[in-house]
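Note sheet for the following structure.
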Amino acid sequence: MSIKGKGIVIVGGQWGDEGKGRLVDIMADSCQAFARFQGGNNAGHTLCIDKKTIVLHLIPCGIVRKNKLCIIGNGVVIDPEVLLEEIAMLNSNGFSCDHKNLKISKNAHVIFPFHKDLDKRREENLTEMIGTTKRGIGPCYEDKAARFGIKINELTNKERIFEKITKIFSERGERKENIDKIRKGYVERACALGEIFQPYLVDAGEMIEEKLFLGEKVLFEGAQGALLDLDHGTYPFVTSSNCVAAQAAIGTGIGPGWLSEILITTKAYCTRVGEGPFITEADLKTQEKWRSQGNEFGATTKRPRRCGYLDLPALKYAARINGATGILLTKVDILTGLGPIKIAIGYENAKNFSEALSMLENNLTVYPKYLELPKVDEFPNDIFKFIDLPKSIQNLCQLIEDFIGLKIKIISFGKERGQELWMV
Ligand code: IMP
Ligand code: MG
């Protein structure tokens with residue numbers, strides 16, 4: 001089976017952790033190249049291959065397939081130490097990864113240890129906590145926007161890094177006597193990392209466009225999700241990049257016309273990790289059960305994820321801002337044994353999610369309106385067709401399609417390859 005289109009984008013329709021990585025892996029056979037276009041190692045994409053678990057933070061999930069090209073686009077912020085570790089982890093697990101199958105945009109910005117320190121320091125102020133992953137993502141994007149960020153292409157240029165770090169430190173009000181001390185260690189290490197990554201650097205847009213022009217399929221792999229988008233999410237409790245599909249073009253350097261299929265991923269319920277509003281959050285006891293059943297712990301930070309009911313108006317909003325052409329539905333099996341399936345189909349005091357967002361930003365409470373479907377007592381082992389799914393799950397799928405006005409293209413239930421139904 002395969003999905004039509006040239007540039008295929010997989011994005012999160014919720015607050016991240018929808019199972020995008022696994023979906024990329026499911027669709028990997030029919031694609032020749034894979035690209036990340038935003039975020040950094042705040043992402044955690046979990047793959048289960050032959051009972052082995054591989055967690056990727058920076059490298060596109062296509063890397064676990066042979067003879068596929070993986071590209072880290074200009075929109076990604078790269079912690080070079082983490083990237084180095086990830087490459088080593090893949091090779092030690094039998095997945096070859098080097099400059100031949102992994103390419104990095106020369107324009108991607110670099111996360112330095114001082115970005116992480118700043119991220120951590122801010123999170124220590126409990127009253128202003130966002131609940132970030134403390135990976136330095138926000139501070140790195142800040143420097144990029146302030147126009148003194150450091151690109152991976154510059155890492156081998158000692159004088160330039162020296163100058164830029166001095167600038168960043170003085171802009172951040174660092175005491176003069178500290179600057180010399182800190183700067184020295186960073187510059188040496190940055191140059192060493194720069195040398196290592198030099199063979200990986202390319203013009204990512206040019207490379208991707210060449211593939212698309214030849215009729216090859218490229219899969220653009222989103223990180224985080226629509227509700228964490230810097231412009232369209234639950235601001236300020238969001239990440240520092242745009243996570244919606246349009247960013248796939250900007251964050252790799254191709255024109256948006258190449259993106260022909262935009263698939264929005266959603267779990268059959270909702271989770272959120274970190275602070276911020278969550279209209280359909282379940283009570284604490286239900287959350288606990290849900291969390292252990294769905295293994296809802298952060299792949300990056302191991303933090304327990306908050307759990308709640310599927311919020312259809314929020315998903316509809318996410319589909320709209322992404323320009324979605326189809327839905328990927330994951331984790332339908334996790335609803336088993338959790339009581340009647342509750343789904344938010346509207347709000348008591350807001351006409352849609354956009355209005356709800358404005359209310360949330362003004363500290364007002366939004367009350368969900370729920371519809372219930374009968375509980376699922378047992379999830380069958382063998383599922384080959386849609387009608388093999390429990391009746392309530394079938395009804396849930398129908399409800400999602402009708403509400404959003406898009407078809408579900410893949411339904412997944414389990415962690416291993418093959419535990420999915422293609423609906424196209
Ligand atoms: P940051 O991206 O580390 O700055 O964190 C900002 C917000 O986004 C926090 O609520 C994080 O928990 C959340 N976040 C960032 N990356 C992910 C992800 O990959 N999955 C889920 N939540 C994420
Ligand atoms: Mg994740």
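The values are calculated or read from the model by the stated rules, or taken from the named source; none is laboratory data. For clarity, every value in this text was computed on a predicted model and none was experimentally measured. Here Cβ is always computed from backbone atoms with ideal geometry, including for glycine, and neighbour counts include all displayed protein chains.
When restricted to residues that are in contact (Cβ under 8 Å) with a residue 60 or more places away in the chain and either touching a Leu at 6+ places or on another chain (Cβ under 7 Å) or surrounded by fewer than 12 Cβ atoms within 10 Å (Cβ to Cβ) (or both), the range 342-366 contains 2.
Only one of the numbered conditions (1) part of a helix (DSSP H, G or I); (2) β-branched (Val, Ile, Thr); (3) farther than 26 Å from His232 by Cβ is not met by Ile321, and that is (3). Scoring Cys307 on the criteria (1) in a helix (DSSP H, G or I); (2) within 16 Å of ligand 2 (Cβ to nearest atom) leaves a single failure, condition (1). Just one of the numbered conditions (1) hydrophobic (A, V, I, L, M, F, W, C); (2) within 16 Å of ligand 1 (Cβ to nearest atom); (3) within 24 Å of Glu85 (Cβ to Cβ) is not true of Leu227: (3). Tell me whether the range 278-296 contains one or more residues that are within 16 Å of ligand 2 (Cβ to nearest atom), of a type in the set (S, T, N, Q) and buried (at least 23 other Cβ atoms within 10 Å of the Cβ). For the range 278-296, residues within 16 Å of ligand 2 (Cβ to nearest atom), of a type in the set (S, T, N, Q) and buried (at least 23 other Cβ atoms within 10 Å of the Cβ): absent. Cβ-Cβ contacts under 9 Å between residues 6 or more apart (or on different chains), taken from a first residue in the range 102-113 that is closer than 23 Å to Asn91 by Cα to a second residue that is part of a loop (DSSP other than H, G, I, E, B) and hydroxyl-bearing (Ser, Thr, Tyr), are listed as Ser105/Thr252. Of all residues in the range 150-167, exactly one satisfies the criterion of being closer than 11 Å to Cys191 by Cα, out of contact with any helix residue (DSSP H, G or I) (no Cβ under 6 Å at 6 or more places or on another chain) and not in a helix (DSSP H, G or I), namely Asn157.
Restricting to the range 280-300, count the residues that are under 24 Å from Phe353 (Cβ atoms) and either part of a helix (DSSP H, G or I) or away from ligand 1 (no atom under 16 Å from the Cβ) (or both). First the steps, then the outcome.
So in the range 280-300, the residues under 24 Å from Phe353 (Cβ atoms) come out as 280-283, 286-287, 290, 294, 296.
Still in the running and either part of a helix (DSSP H, G or I) or away from ligand 1 (no atom under 16 Å from the Cβ) (or both): 280, 282-283, 286-287, 290, 294.
Total meeting the criteria: 7.
Looking only at the range 23-73, residues that are closer than 15 Å to Ile104 by Cα, away from ligand 1 (no atom under 16 Å from the Cβ) and touching a Lys or Arg at 6+ places or on another chain (Cβ under 8 Å) come to 7 in all.
Whenever a residue of the range 274-289 is farther than 15 Å from Gly225 by Cα, it has no partner that is outside any loop (DSSP other than H, G, I, E, B) and modelled with pLDDT under 95 lying with C-beta atoms less than 6 angstrom away and at least six residues away or across chains.
Hey, which of the strands (runs of 3 or more DSSP E) in the range 35-126, taking only ones fully inside, have at least 1 residues that are among the hydroxyl-bearing types (Ser, Thr, Tyr)?
Fully inside the range 35-126 and qualifying: 45-49, 52-56, 102-105.
Listed by first and then second residue, the pairs with beta-carbon distance under 9 Å, at least 6 apart or on different chains, first residue in the range 25-48 and in contact (Cβ under 8 Å) with a residue 24 or more places away in the chain and β-branched (Val, Ile, Thr), second assigned to a strand (DSSP E or B) and within 12 Å of ligand 1 (Cβ to nearest atom), are Thr46/Val55; Thr46/Leu56.
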